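Chemist: There's a structure below that I have some questions on.
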């Protein structure tokens, strides 16, 4: 854990992926992140995969390093405690609807410099999730094999909830932007981030929306090829699949060298009357001939030799791994300083845990922290932030308004 | 443009997607973002799609609202001007390698509170791009139709450069975190964000890494189904494809109501001895029977009727659109306040332009700004930031060290 945000406390009332990710990233940068949940756990407390003891490995990873307060959020008293925590703390992240007890208006009463960041579905208030905004974005109908007939090709959903993760990182950015503004001006902010706008807006920001409007139609189906440049998946003689990208002059010359195809490339250039070194355009326009040429060359090498040649020539490439292979790959995980030793996870299962994606060579990095047990910090937070005595807290626990740790 | 960051100027030395996205987001929040490029344009200046006049619609969208300075970055003098701009400004975003003239060490000489955010490939300095880190992450071998044989199924690359966009949003967050730390302590930061760590770290943060280690193998292939919950793509009688997700109790009951399958669900529950309302687990475990049941019901409705029923019942669903359809959808674009009127784009092509994903009901939003012409602000920035006289700048232009606007 880096200490960049160690002066910051955040109340997080979250479920699923986007909203919890905001707190995760802030926590890894040193913020105190206090996740407040309904006393039996939020909608995401049982997200797959569950261990045999019923602990969610999803929740355990998305809530690493946070504190947990568990309240009866179906009761007026529990809700009041949460609103008071938000007000006292001054900054809140949530994906509860604006039309709920946790509206910005309710929280900012008596605290008009409050900063709230709210993850929404669509901008107009309609519900949405990563899977549904993805359907609207156009990407699923562009993915999948090149030889699929566009008229009948099914959509291909992404297993990665990319919109959730983009929204989470963007939400962390927007939170800090609003806090910076408050530091300068004293003014609070109500920040709303619709998942649907992140999807359709990213499609536009990438240039794809302008492209389709300029074309007056959809882009041709490309399969695994890179759009507008040279790159695709190939297979070595011994069947290893790998991705290659060659966009810069150095990447392109390195690729030719690694595959040992100087003469074949020269012959093809002569046949087609082009110079591939001129840039992306001739390489993309003639990609099918080039793919054939490079795959033919790859058929002549086992992976060990070919990968060594590519590494030596400075080719940009990567072997496809299954997720289980990736998890067990020492280069990616065990020997990667991104990961630290397993903390004492609620599941009891031990595995490497992430640090912040950002690394800072000059600053102490620390080790990853575990996710909390549900309600583990209820007592601490209610005492510290709301000044409740241990007697009052005990009464709230007896009344079922506050729950302490669900560790068994 | 919101004014949350209007006190901030950033030097950006970027190419491709992740790094420019940092400046894009900061600019949409009011920061002055000064993109400095080699005088003929960076590696991304000709990224597809190009208009018939050769303007990149990709560059035009990823660099909206920025200023542009064009220098001969292959010359010592041009490089010195850039390092001096970085030093004077105090915060820099780049994807140039650490081992380049734009190292943190070089920039922070005489400016030890400098904040730099550097997008890298892999943490160990190896080159990588979105396409290659994706291959390593495990996701491409999990995507694609459920009936593909896992032993021979090809990888499915994502058309969305998700890792680039997650990295860009995270980079904007990390930049503001480091600036906040400097505001508090006076201390600078060298922040490095490897694209590869974002990919493998996101896989871990989602819980998937722990899942695969806990299983001791890979997850089964799911096609378009949602992992661990109920959801998949369906088709209406008239052939419209749509995605449905039902994770919460309300989503599930709304789905049954919309499809009019109360009796069929009750019969299936009775046959299988389960209660689907109990949560994700029975619905996911019996998903194939449920998919069959819901698809059979969908076969009885045209899209107009079924979508109205789903909207009324509060189902979470979305129609799949091609990207061209999405770009022309009034709900997504024309009537969505995310988009503003077309500014004067360098391409001359007019189309809706995005505002910030975050919207703030209480603050003036402003209209989107165009991308600059290459070098459009060279004179202004060199005069303002480095105090160069118009005579000195004219000499630098004559010597080919500085280039003014490439508008023709």
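Chemist: Within the group A:366, A:391, A:340, A:375, which residue is at pLDDT 95 or above, out of contact with any helix residue (DSSP H, G or I) (no Cβ under 7 Å at 6 or more places or on another chain) and on the phi > 0 side of the Ramachandran plot?
Modeler: Matching residue, one of A:366, A:391, A:340, A:375: A:375.
Chemist: It is to be established whether one or more residues within region A:37-60 are more than 14 Å from chain B (Cβ to nearest Cβ), surrounded by fewer than 24 Cβ atoms within 10 Å (Cβ to Cβ) and over 20 Å from residue A:357 (Cβ atoms). Quick ask: steps written out before the conclusion?
Modeler: First pass over region A:37-60, keeping only residues more than 14 Å from chain B (Cβ to nearest Cβ): A:37, A:39.
If we keep only those that are surrounded by fewer than 24 Cβ atoms within 10 Å (Cβ to Cβ) too, we end up with A:39.
Now restrict to residues that are over 20 Å from residue A:357 (Cβ atoms): A:39.
Yes, region A:37-60 has at least one match.
Chemist: Also, quick follow-up: When residues of region B:105-133 are filtered for being at the interface with chain A (Cβ under 9 Å from one of its Cβ atoms), in contact with a helix residue (DSSP H, G or I) (Cβ under 6 Å, 6 or more places away or on another chain) and not in a loop (DSSP other than H, G, I, E, B), how many remain?
Modeler: 3
Chemist: Another question about this same structure. Can you work out which of the residues in region B:182-204 that are over 18 Å from the mean Cα position of the chain (by Cα) and not in a strand (DSSP E or B) is surrounded by the most Cβ atoms within 10 Å (Cβ to Cβ)? Can you show your working first?
Modeler: In the first step, residues of region B:182-204 are kept if they are over 18 Å from the mean Cα position of the chain (by Cα); the result is B:182-192, B:204.
Then drop every residue that is not not in a strand (DSSP E or B), which leaves B:182-188, B:204.
Working: B:182: 18, B:183: 12, B:184: 14, B:185: 14, B:186: 9, B:187: 14, B:188: 22, B:204: 25.
Per the stated criteria, the residue is B:204.
Chemist: Scan B:170, B:139 and give me the residue that is crowded, with 24+ Cβ neighbours inside 10 Å, touching a helix residue (DSSP H, G or I) at 6+ places or on another chain (Cβ under 6 Å) and at pLDDT 95 or above.
Modeler: Numbers: B:139 fails: touching a helix residue (DSSP H, G or I) at 6+ places or on another chain (Cβ under 6 Å).
Answer to the check: B:170.
Chemist: With the structure loaded, tell me whether residue B:68 is under 26 Å from residue B:407 (Cα atoms), within 10 Å of chain A (Cβ to nearest Cβ) and surrounded by 21 or more Cβ atoms within 10 Å (Cβ to Cβ) or whether it fails that test. It would help to see each step written out before you state the result.
Modeler: Numbers: under 26 Å from residue B:407 (Cα atoms): yes; within 10 Å of chain A (Cβ to nearest Cβ): no; surrounded by 21 or more Cβ atoms within 10 Å (Cβ to Cβ): yes.
So residue B:68 fails the test.
Chemist: Starting from residues that are closer than 24 Å to residue A:42 by Cβ and buried (at least 19 other Cβ atoms within 10 Å of the Cβ), keep the ones in region A:337-352 and report whichever is farthest from the other protein chains (Cβ to nearest Cβ). Please lay out each step first, then the result.
Modeler: Going residue by residue through region A:337-352, those that are closer than 24 Å to residue A:42 by Cβ are A:343-349, A:351.
Pick out the ones that are also buried (at least 19 other Cβ atoms within 10 Å of the Cβ) and you get A:345-347, A:351.
Working: A:345: 8, A:346: 12, A:347: 8, A:351: 5 Å.
This residue is A:346.
Chemist: Tell me which of these residue B:300 doesn't satisfy, since it passes every other one: (1) out of contact with any helix residue (DSSP H, G or I) (no Cβ under 8 Å at 6 or more places or on another chain); (2) within 14 Å of chain A (Cβ to nearest Cβ); (3) in contact (Cβ under 8 Å) with a residue 60 or more places away in the chain; (4) surrounded by fewer than 17 Cβ atoms within 10 Å (Cβ to Cβ).
Modeler: The failed condition is (2).
Chemist: Could you check, for region A:213-227, whether at least one of its residues is touching a helix residue (DSSP H, G or I) at 6+ places or on another chain (Cβ under 7 Å), under 25 Å from residue A:102 (Cα atoms), modelled with pLDDT of 95 or more and not assigned by TED's automatic domain parsing to the domain that holds residue A:245?
Modeler: no
Chemist: Taking the conditions exactly as written (more than 19 Å from residue A:23 (Cβ to Cβ), more than 14 Å from every other protein chain (Cβ to nearest Cβ), assigned to a loop (DSSP other than H, G, I, E, B) and modelled with pLDDT of 95 or more), does residue A:400 satisfy them or not? Write out each step before concluding.
Modeler: Numbers: more than 19 Å from residue A:23 (Cβ to Cβ): yes; more than 14 Å from every other protein chain (Cβ to nearest Cβ): yes; assigned to a loop (DSSP other than H, G, I, E, B): yes; modelled with pLDDT of 95 or more: yes.
So residue A:400 fits the description; yes.
Chemist: OK, next. Out of curiosity, is residue A:355 surrounded by 14 or more Cβ atoms within 10 Å (Cβ to Cβ), touching a residue at least 24 places away in the same chain (Cβ under 8 Å), in contact with a strand residue (DSSP E or B) (Cβ under 7 Å, 6 or more places away or on another chain) and farther than 29 Å from residue B:198 by Cβ? Can you show your working first?
Modeler: Working: surrounded by 14 or more Cβ atoms within 10 Å (Cβ to Cβ): yes; touching a residue at least 24 places away in the same chain (Cβ under 8 Å): yes; in contact with a strand residue (DSSP E or B) (Cβ under 7 Å, 6 or more places away or on another chain): yes; farther than 29 Å from residue B:198 by Cβ: no.
No; evaluated as a whole, the condition is false for this residue.
Chemist: Between A:30, A:41, A:65, which is in a loop (DSSP other than H, G, I, E, B), modelled with pLDDT of 95 or more and in contact with a helix residue (DSSP H, G or I) (Cβ under 6 Å, 6 or more places away or on another chain)? Even if it seems obvious, please write down each step before you answer.
Modeler: Values: A:30 fails: in contact with a helix residue (DSSP H, G or I) (Cβ under 6 Å, 6 or more places away or on another chain); A:41 fails: in contact with a helix residue (DSSP H, G or I) (Cβ under 6 Å, 6 or more places away or on another chain).
Just one listed residue meets the conditions, A:65.
Chemist: Report whether or not residue B:22 is in a helix (DSSP H, G or I), more than 8 Å from chain A (Cβ to nearest Cβ) and in contact (Cβ under 8 Å) with a residue 12 or more places away in the chain. Give the steps one after another, and end with the answer.
Modeler: Details: in a helix (DSSP H, G or I): yes; more than 8 Å from chain A (Cβ to nearest Cβ): yes; in contact (Cβ under 8 Å) with a residue 12 or more places away in the chain: yes.
Yes, satisfied.
Chemist: Okay, next question. Could you check region B:88-104 and list, in sequence order, the residues that are at negative phi and either in contact with a helix residue (DSSP H, G or I) (Cβ under 6 Å, 6 or more places away or on another chain) or assigned to a loop (DSSP other than H, G, I, E, B) (or both)?
Modeler: Here is the first cut: in region B:88-104, the residues at negative phi are B:88-89, B:91-104.
Hits for region B:88-104 are B:88, B:92, B:93, B:95, B:96, B:97, B:98, B:99, B:100, B:101, B:102, B:103.
Chemist: Out of B:162, B:245, B:153, B:172, which single residue is more than 29 Å from residue B:310 (Cβ to Cβ) and facing chain A (nearest Cβ under 7 Å)?
Modeler: Working: B:162 fails: more than 29 Å from residue B:310 (Cβ to Cβ); B:245 fails: more than 29 Å from residue B:310 (Cβ to Cβ); B:153 fails: facing chain A (nearest Cβ under 7 Å).
Going through B:162, B:245, B:153, B:172 in turn, just one is more than 29 Å from residue B:310 (Cβ to Cβ) and facing chain A (nearest Cβ under 7 Å): B:172.
Chemist: Out of (1) closer than 28 Å to residue A:131 by Cα; (2) within 12 Å of chain B (Cβ to nearest Cβ), the odd one out for residue A:8 is which?
Modeler: Checking residue A:8 against (1) closer than 28 Å to residue A:131 by Cα; (2) within 12 Å of chain B (Cβ to nearest Cβ), the one that fails is (1).
Chemist: OK, next. Considering only region B:147-155, I want to know if a residue exists there that is in contact with a strand residue (DSSP E or B) (Cβ under 6 Å, 6 or more places away or on another chain), outside any helix (DSSP H, G or I) and farther than 30 Å from residue A:337 by Cβ.
Modeler: no
Chemist: Also: For residue A:121, work out the one condition from (1) free of Cβ contacts under 8 Å to residues at least 40 places away in the same chain; (2) surrounded by fewer than 24 Cβ atoms within 10 Å (Cβ to Cβ); (3) closer than 30 Å to residue B:228 by Cα it doesn't fulfil.
Modeler: (1)
Chemist: Would you say residue A:334 is modelled with pLDDT of 95 or more, out of contact with any strand residue (DSSP E or B) (no Cβ under 9 Å at 6 or more places or on another chain), more than 8 Å from chain B (Cβ to nearest Cβ) and surrounded by fewer than 16 Cβ atoms within 10 Å (Cβ to Cβ)?
Modeler: On the way: modelled with pLDDT of 95 or more: yes; out of contact with any strand residue (DSSP E or B) (no Cβ under 9 Å at 6 or more places or on another chain): yes; more than 8 Å from chain B (Cβ to nearest Cβ): yes; surrounded by fewer than 16 Cβ atoms within 10 Å (Cβ to Cβ): yes.
In short, yes.
Chemist: Turning to a different aspect of this structure: Does residue A:214 satisfy being without any contact (Cβ under 8 Å) to a residue 40 or more places away in the chain and surrounded by fewer than 22 Cβ atoms within 10 Å (Cβ to Cβ)? If you could, list the steps in order and put the result at the bottom.
Modeler: Numbers: without any contact (Cβ under 8 Å) to a residue 40 or more places away in the chain: yes; surrounded by fewer than 22 Cβ atoms within 10 Å (Cβ to Cβ): yes.
The answer is yes for residue A:214.
Chemist: Please go through (1) in a loop (DSSP other than H, G, I, E, B); (2) under 19 Å from residue A:248 (Cβ atoms) for residue B:59 and return the number of the only condition it doesn't satisfy.
Modeler: The failed condition is (1).
Chemist: Of the residues B:308, B:295, which is in the same structural domain as residue B:239 (by TED's automatic domain parsing), within 27 Å of residue A:221 (Cβ to Cβ) and in a helix (DSSP H, G or I)? It would help to see each step written out before you state the result.
Modeler: Details: B:308 fails: within 27 Å of residue A:221 (Cβ to Cβ).
Of B:308, B:295, the one residue that is in the same structural domain as residue B:239 (by TED's automatic domain parsing), within 27 Å of residue A:221 (Cβ to Cβ) and in a helix (DSSP H, G or I) is B:295.
Quick grid of which residues meet (1) part of a loop (DSSP other than H, G, I, E, B); (2) more than 7 Å from every other protein chain (Cβ to nearest Cβ):
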position	(1), (2)
B:180	no, no
B:217	yes, no
B:227	yes, no
B:238	yes, yes
B:263	no, yes
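Chemist: Out of A:364, A:370, I need the residue that is surrounded by fewer than 14 Cβ atoms within 10 Å (Cβ to Cβ), part of a loop (DSSP other than H, G, I, E, B) and away from chain B (no Cβ under 11 Å). Which one?
Modeler: Within the list A:364, A:370, the selection yields A:364.
The values are calculated or read from the model by the stated rules, or taken from the named source; none is laboratory data. All values reported here derive from a predicted model rather than from experimental measurement. With ideal geometry, Cβ positions are generated from the backbone for all residues, glycine too; neighbour counts draw on all protein chains shown.
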